[in-house]
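Each reported figure results from applying straightforward, stated rules to the coordinates on display, with no laboratory input. A quick note: this is a predicted structure, and the numbers were derived from the prediction, not measured. Here the Cβ is made from the backbone with ideal geometry for all residues, glycine too, and neighbour counts use every protein chain on show.
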Amino acid sequence: MSFKALLITESEDGKFNRHIVRREISDLPVGDLLIRVHYSALNFKDGLSATGHKGITRMFPHTPGIEAAGVVEESTNPKYPPGCEVFVTGYDLGMNTSGAFAEYIRVPSEWVIPKPTVLSCKDCMTIGTAGLTAAYALHKMEGMGQSPDMGPIVVTGSTGGVGSLSVAILAKAGYEVIAVTGKKDATDYLKFLGASRVESRDFVDDKSGRPLARSMWAGAIDTVSGNTLTTLLKRCKRDGCVVATGLLSGNRFEAPIYPFILNGVNLLGIGAGQTPMPLRIQLWNKLINEWNVCDKLPAIAHEVELGDLKEKYIDAILSGQTKGRVVVRLKEDCCNHKAKQVSLNSYYKEHASRSEEIRKAPVFSKIAMP
């Protein structure tokens, strides 16, 4: 059986080209589950893979796409019978495993989470890796003592995927949010997501050369790096947390030691792709309960088709020109009400004891999975 996919090829002169092709199911890697993809979503990492970044994807031809939501069509794992709705974010999907910018993927069942009944496949992908990153960031911040009464949280790159979900989730959790953006027409969008204030990039671009500056915020979620991250650290209040989640301005930054040894500022990192499954379940449980931002998802999602990725959106995300989440529709009649449901609640209960251990343990504990 053949299916449609985006395929990235490498030419003899080292150029990387994008094609919409027909592939065969037999081309897919081994795995417990064959999944008919209904929706995927575009991430910065997908853009890097699609342009030949060998630190993301080593071998070409390749199909990117690090996340998918859809229905199991073939299974060797009785926990996920054919017909049940599931989603996958991260692990090796779309990196060196054939990814979700295709109508089918085949993956290990250990990567899969049952789709919550309260979310559609499109909802799962609108939240997706970006929402998991934002939730993981807040989880780590609160694990280090961050709380709303400490003061405002800055979100940089606030109109992007991680930025948009961070603004919405922080506001839902009771934080005052200062959204930073270079897009002059984004104020209404960011206020709708929950931002209390919207500031330009100059707000977080201190060029004084001083090792410390006047404290202006209690913490931050940063998607930019570079001098933006340096400024966030220098102007953070005592014992606040600054979380680094992205590298829109480059893969390096310089910072003086004083924010750490005088103000006790915490610099935290997030690598959502390899989040241990018990913690994933804990975070997704929050995303469908106390951090539920489903009322904001229609504003965040921008739905496109596979051909749109090839022609426009891969380049757009790498240049910072996308807003919210670019979700990719790969099936017309998504989330059929007759599809089988595997309860996320029961799945969560299976992991409850391990998740409780994670909740009580320091956030930097290494989680050993069986």
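Where the only charges are on Cβ atoms (+1 Lys, Arg; -1 Asp, Glu), what is the dipole of the chain about its Cα centre, to the nearest 20 debye?
With only Lys, Arg, Asp and Glu charged at Cβ, the dipole is about 660 debye.
Proximity of backbone amide H atoms, modeled 1.01 Å from N, is registered between residue 119 and no other residue at under 5 Å, excluding neighbours fewer than 5 places apart on the same chain. For the stretch 193-198, backbone phi angles converted through the Karplus equation (6.51, -1.76, 1.60; θ = phi - 60°) give residue-by-residue couplings of 5, x, 5, 7, 9, 10 Hz, Gly and Pro being listed as x.
Close amide H contacts of residue 266 (hydrogens built in the peptide plane, cut-off under 5 Å, sequence separation of 5 or more or a different chain): 240, 241, 242.
Volume per residue for the chain equals 139 cubic angstrom (convex hull of Cα atoms).
If the Kirkwood radius is taken over C-alpha pairs of the stretch 183-263, then at 37 °C and 0.692 mPa s the Stokes-Einstein diffusion coefficient equals 245 µm²/s.
Across every pair of non-identical alpha carbons in the stretch 1-109, the mean reciprocal distance, once inverted, gives a Kirkwood radius of 13.9 Å. Karplus-based coupling profile of the stretch 279-285, in residue order and whole Hz: 6, 4, 4, 4, 5, 5, 4, with θ = phi - 60° in 6.51 cos²θ - 1.76 cosθ + 1.60 and x standing for Gly or Pro.
Per-residue Karplus couplings for the stretch 76-93, computed as 6.51 cos²θ - 1.76 cosθ + 1.60 with θ equal to phi - 60°, are listed in order as 10, 10, x, 5, 10, x, x, x, 7, 8, 9, 9, 9, 9, x, 6, 9, 4 Hz, Gly and Pro entered as x.
Any idea which of 127, 257, 287 is furthest toward the positive side of the dipole for the chain, if Lys and Arg beta-carbons carry +1 and Asp and Glu beta-carbons -1? Of the options given, the answer is 257. Think of the chain as having a plus end and a minus end, set by charges on the Cβ of Lys, Arg, Asp and Glu; of 99, 57, 276, 276 sits farthest toward the positive end of this dipole. Magnitude of the charge dipole for the stretch 146-270, about its Cα centre and with charges confined to Cβ atoms of Lys, Arg (+1) and Asp, Glu (-1), is about 180 debye. Taking 0.36 nm per residue of sequence separation and removing the Cα-Cα distance, the residue 305/residue 331 pair yields an extension gain of 8.4 nm.
Using the 10 angstrom Cβ neighbour count as an exposure proxy, how do 247, 193 rank, fewest first?
Going from least to most buried by this count: 247, 193.
Quick one: among 22, 214, 329, which has the greatest mean-square fluctuation in a GNM of the chain with alpha-carbon springs under 10 angstrom? Largest GNM mean-square fluctuation: 214. The stretch between residue 51 and residue 185, if pulled fully straight at 0.36 nm per residue, gains 45.3 nm over its current Cα-Cα span. Are any of the pairs 4/310; 184/323; 183/296; 115/183 more than 24 Å apart by Cα-Cα distance, and if so, which? Going by Cα-Cα distance, 115/183 fall outside the 24 Å limit. Taking Cα centre as origin and charging only the Cβ of basic (Lys, Arg, +1) and acidic (Asp, Glu, -1) residues, the dipole magnitude of the stretch 1-70 rounds to 140 debye. Close amide H pairs (under 5 Å, H built 1.01 Å from N) link residue 104 with 37, residues at least 5 positions away or on another chain. Gain on full extension, evaluated as 0.36 nm per residue between residue 200 and residue 262 minus their Cα-Cα distance, stands at 19.5 nm.
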